[in-house]
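Here's the structure we're looking at; comments come further down.
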Amino acid sequence: MKPILQYQDLIQVPVIDSGEPILIVQDVAPEIACVYEKQDMRPYLGDQFALRKGTIERLKNAAIALQKLGSDLTFRLVYAYRHPNVQLAYFEKRREILIQENPNLSQEEMIAKTHLFVASPDVAGHPTCGAVDITIEGPHGPIDMGSGIADFTSNNIETFSEGLSETQQKNRQLLRTILMDAGFAPFDGEWWHFSYGDKEWAAYYQKPNALYDQIVFEK
């Protein structure tokens, strides 16, 4: 298990965009359930989920591997592309809270601290169309991961949190292993977050550069 990457690890990663097209997940990967749990992308994409072609191809490969393990298991995607305006709003909201709690921090320290809760807009993966928030569904709904996605009231959001049951640990490792085998990098600060081609992916696998730059994409 590698240490969770920090802001300072990501800001240094260069980006050489591959130019891969952006596709709508529902159009090309209907086997993956796409259900927003937040409403902030509706003004930009409605109910559509957008990702880079290479990211979708790897998701499809992961879905095939998951099916081989259990015919009643499928992926449930709850977030993909995030508009840069939405990412900035998330970051600024959390930063303002932390400023009140930590008035003596420098600007650089505040950015790094805020990034622990919400990715800084200059390194965030969702605006590249390369990051996903995802879980696994069984016949009766999402399997037990020990917390909900983006449930920041829980103490168990880190992938290797203490206090998880054996089943919860096994389920998280199933998700992590299948997605990593397909080429995704995990963000172990949030068990549900994985990416391909962004700065997190490049830093995790020590690639010379990220493949996807941030973009503005709307209907």
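The set of residues in the range 32-54 being at pLDDT below 95 and either among the aliphatic types (A, V, I, L, M) or touching a strand residue (DSSP E or B) at 6+ places or on another chain (Cβ under 8 Å) (or both) consists of Glu37, Lys38. Among the listed residues Leu23, Leu98, Leu73, Leu105, which satisfies the condition of being in contact (Cβ under 8 Å) with a residue 60 or more places away in the chain and either farther than 19 Å from Thr135 by Cβ or in contact with a helix residue (DSSP H, G or I) (Cβ under 8 Å, 6 or more places away or on another chain) (or both)? Among Leu23, Leu98, Leu73, Leu105, only Leu73 is in contact (Cβ under 8 Å) with a residue 60 or more places away in the chain and either farther than 19 Å from Thr135 by Cβ or in contact with a helix residue (DSSP H, G or I) (Cβ under 8 Å, 6 or more places away or on another chain) (or both). Considered as a group, the residues in the range 120-155 that are free of Cβ contacts under 8 Å to residues at least 24 places away in the same chain and part of a loop (DSSP other than H, G, I, E, B) include one that is farthest from the chain's Cα centre (by Cα), and that residue is His140. Test Phe160 against the criterion of being over 26 Å from Lys53 (Cβ atoms) and touching a residue at least 24 places away in the same chain (Cβ under 8 Å), and give yes or no. Answer is yes for this residue.
Considering the range 179-199, the residues that are open to solvent by less than 20 Å² (accessible area, probe 1.4 Å) and of a type in the set (D, E, K, R) include one that is nearest to Gln48 (Cα to Cα), namely Asp198.
Within the range 119-178, the set of residues being of a type in the set (Val, Ile, Thr) and surrounded by 15 or more Cβ atoms within 10 Å (Cβ to Cβ) comprises Val123, Thr128, Val132, Ile134, Thr135, Ile136, Ile143, Ile149, Ile157, Thr159, Ile178.
The values are calculated or read from the model by the stated rules, or taken from the named source; none is laboratory data. Not measured: the values here are computed from a predicted model. Glycine gets a Cβ as well: all are built from the backbone with ideal geometry, and neighbour counts include every protein chain shown. Note: accessible area is taken over every heavy atom of the protein model, side chains too, but ligands, DNA and RNA are not part of it. Shrake-Rupley method; radii C 1.70, N 1.55, O 1.52, S 1.80 Å.
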